[in-house]
1. Tell me, please, whether a residue that is small (G, A, S), away from chain A (no Cβ under 14 Å), surrounded by fewer than 16 Cβ atoms within 10 Å (Cβ to Cβ) and not in a loop (DSSP other than H, G, I, E, B) can be found in the stretch B:190-210.
2. Return yes when A:A58 is of a type in the set (G, A, S), in contact with a strand residue (DSSP E or B) (Cβ under 7 Å, 6 or more places away or on another chain) and crowded, with 23+ Cβ neighbours inside 10 Å and no when it is not.
3. Counting just the residues of the stretch A:112-137 that are more than 26 Å from A:A177 (Cα to Cα) and charged (D, E, K, R), which one comes out modelled with the lowest pLDDT?
4. Residue check, B:W107 against (1) in a loop (DSSP other than H, G, I, E, B); (2) within 14 Å of chain A (Cβ to nearest Cβ), all met but one. Which one?
5. When A:M163 is evaluated against the numbered criteria (1) farther than 24 Å from A:I18 by Cβ; (2) at pLDDT 95 or above, which criterion, by number, is the only one it fails?
6. For the stretch A:47-63, indicate whether the set of residues that are out of contact with any Gly (no Cβ under 9 Å at 6 or more places or on another chain), closer than 29 Å to A:T317 by Cβ and at pLDDT 95 or above is non-empty.
7. Report, by residue number, each residue of the stretch A:223-242 that is hydroxyl-bearing (S, T, Y) and within 22 Å of A:G269 (Cβ to Cβ).
8. Looking at the stretch A:91-108 only, could you name the residues that are modelled with pLDDT of 95 or more and among the polar types (S, T, N, Q)?
Amino acid sequence: MAVSLSVQLGPINLAHPIINASGTMDIFALAESLGPHVLERPPVAAYVPKTITLKPRAGNLPPRIVEVTGGLINSVGLPNEGLEVFVERDLPRLLRLPCPVILSIGGTSRGEYRSLARGLREALEAVPACPARTDPGDQGTAWTSRVGLELNISCPNVESGGMAIGSDPRETQAVVAEVREEWPGLLLAKLTPNVTDITLPARAAVAAGADALVAVNTYKALALDRHTLRPYLGNVAGGLSGPAIKPLALRSIYELYEAVDVPIVGMGGVASLEDVLEFISCGATVVAVGTAVFREPLLARCFAACLAEALEERGLTLSGLLGLAHVKE
Amino acid sequence: MPTQPDDEAVCSGETAGSPEPRGARILGHVARSEVLGPFTWLTVTAPGWQEASAGQFALVQWEKSRTLLPRALSVAAQGENEVSFLIAPVGQATRELCGLREGDRVWILGPLGRGFDLPALVGEGRRTVVVAGGVGVAPFSLLLTALRDKMCSSSGSLSAGRLRPSLSPGFGVLVLLGFRDSLQLAGAEPVFRVAADLREAGFPCRVEVVTEDGSQSPAAKVTDLLGRHLLPGDRLAVCGPWEMARAVQHLCLGVEDVRAWYSLEANMACGVGSCHGCAVPLADGSFARVCHEGPVFAGEDIFGG
């Protein structure tokens, strides 16, 4: 009997617990490179597109990325075409994907987050009927069972808002509360690790109505040009991701699992199937891959395909593994 | 004692006994590695390699690399289940690739990106001018091979190939290569070979080379050569350092009816349009992804009209 990989994230059912981190997979661009099978059979259990903002953003000056030992520092700066284009061009094709989607929004103020959530909700409510899912036995067709909303309150690469909100528990609570009034579906708060105690903004987000937490975004970091000995990236500092941050992220997931009672989407340097198991053991219901998909774009599919066997080998089930690291021997 | 975390990547893309799970990468192995001066010509047996168009690239990484990410390399030549790259050892990842031996395993993802628009480069009555600086010569052996294949009728062999009427031999191809020194000249070997093939097929293809240290001829830059040769109506394919590209575009603006396409380089992470890490500014103030909208861009898009 195969181990069940299906997990529940609020009202959304996922076929397996592996998704992508926002900003690391453009599934439509990927399909142009690898073929339409990527859209017909997405490598992730739920697809998380890049964070959108109310108005278009060009993004930061290049160079935007630099590899460092064990990691990648990026200062991409949320380039996107804004809510209006997203709703017209991207949302319809996202809804045609045969998997749930978790939209990601970023803003510089409470009002922007609220406007984004309202705009997306109104667009979703205007969809006459949710397109049929590939699996007719699946849950109902209400959009809330297949569309979630991630609040990116942790981007280190924007001039205002972003991380400034997520590192302040009061601001976090206020933003989540505003969005909660506009968004009836799954609401996730994406946390920054650039704080002394990540459980403070986490508790604030949950108190304000977040259904789940996403942790962690990147660690604020700096790389110098070896020749000029001046900052390498166009925006000076950036966010560190990749294997270098995995132990740091694990510790955050571990602390969050003890602090809150909502599901956690764990991420931060996940690069192997063992990493996936470790994140689940620390308390992640869902695990997101990010930087590692830059080596292998279909990595999430590979993990999902191997996960059941890895659990069986260890005599574990998915629910048995969740939080295992917290069980006192 | 607790088990130490295992660094081995789980997804090899070739799990024993099962075609699943399949990644998108190919795990190839080195068929040949040839030293060309400071560069390495690396030929990899890559089962399932899909034919690249000239100017496309692949993400390449030694299986046991110490780097996190693969590196983007222009496809320099290809065959059935085989692909070659011209590599300059500029950092850890490329030094590793230059040091590989026959049988060493290499991850390859590709072909990726948008290459040169061949019909635009060899339109009727046009002369195609290739301009390359240093390891920027990499994509042009494939470009010349593609031109050769275009020149020759599909029915005949190469030596018996007929020229298509639309490609008048009177215009042909001019290849201008610039290198830092005479050591780097060896990197031009693959281009010399294909150029000879083209001439054998009856198609005019001239290659001129300069070195910046003057070891080959009077010290000059490839843009000095271009300045002497550029004619109205020319169509250019360009690859090299950013300063060279700017200088080429400057020359182009001074001559009537010249268009140029540039293969750009940038720090790249995903290679498939996902991360926006390789973005370059365009003339209209927007950014474009080198990996997805490029790596080949029209000069007017990068530099303005």
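The values are calculated or read from the model by the stated rules, or taken from the named source; none is laboratory data. These numbers were taken from a predicted model, which means no experiment stands behind them. Neighbour counts are summed over all protein chains in view; Cβ atoms, including those assigned to glycine, are modelled from backbone coordinates with ideal geometry.
1. Yes: one or more hits.
2. Numbers: of a type in the set (G, A, S): yes; in contact with a strand residue (DSSP E or B) (Cβ under 7 Å, 6 or more places away or on another chain): yes; crowded, with 23+ Cβ neighbours inside 10 Å: no.
No: the conditions fail for A:A58.
3. Step one: of the stretch A:112-137, the residues more than 26 Å from A:A177 (Cα to Cα) are A:128-137.
In the following step, the residues that additionally are charged (D, E, K, R) were identified as A:133, A:135.
Values: A:R133: 46, A:D135: 50.
Once the filter is applied, the top-ranked residue is A:R133.
4. Failing condition for B:W107: (1).
5. (2)
6. Filtering the stretch A:47-63 for residues out of contact with any Gly (no Cβ under 9 Å at 6 or more places or on another chain) gives A:47.
Now restrict to residues that are closer than 29 Å to A:T317 by Cβ: A:47.
Those left that are additionally at pLDDT 95 or above: A:47.
Yes, there is a match, as at least one residue in the stretch A:47-63 is out of contact with any Gly (no Cβ under 9 Å at 6 or more places or on another chain), closer than 29 Å to A:T317 by Cβ and at pLDDT 95 or above.
7. Across the stretch A:223-242, the qualifying residues are A:Y232, A:S241.
8. A:S104
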